[in-house]
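This report refers to the structure that appears directly beneath it.
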Amino acid sequence: MTIDIQQTSLQEVCTTEMLSEENSDLFTKGQLDWLLKTRYKNGLAETGAVLKISNKLYINKALFFEWFLKQKV
């Protein structure tokens, strides 16, 4: 799935804190922070789901969940 950046709304972008609050049954803030910290090793960086703006990291939820659902043990 490829998302057109021009069609991405701000409602699809959040912080790890916001995403963990919205999905507390799936993630803690610490888990999300770790996934972002290790994004170059776990393949998350390649998806375009992580935005780094002024030294702060944001998540594109649609791209993040697409990556998340493809993960296997």
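Quick rundown of the values:
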{"quantity": "Matching residues, region 25-73, being under 12 Å from residue 15 (Cβ atoms) and aliphatic (A, V, I, L, M)", "calculated": "32, 36, 50, 51, 53, 57, 59"}
{"quantity": "Selection count where residues are within 12 Å of the chain's Cα centre (by Cα) and surrounded by 14 or more Cβ atoms within 10 Å (Cβ to Cβ), scope region 7-22", "calculated": "8"}
{"quantity": "Test for residue 29: is it at pLDDT 95 or above, surrounded by 14 or more Cβ atoms within 10 Å (Cβ to Cβ) and in contact with a Cys (Cβ under 9 Å, 6 or more places away or on another chain)", "calculated": "no"}
{"quantity": "Residues of region 40-59 that turn out to be polar (S, T, N, Q) and in a helix (DSSP H, G or I), as a count", "calculated": "2"}
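The values are calculated or read from the model by the stated rules, or taken from the named source; none is laboratory data. Bear in mind that the values here come from a model prediction, so they are computed numbers and not experimental data. With ideal geometry, Cβ positions are generated from the backbone for all residues, glycine too; neighbour counts draw on all protein chains shown.
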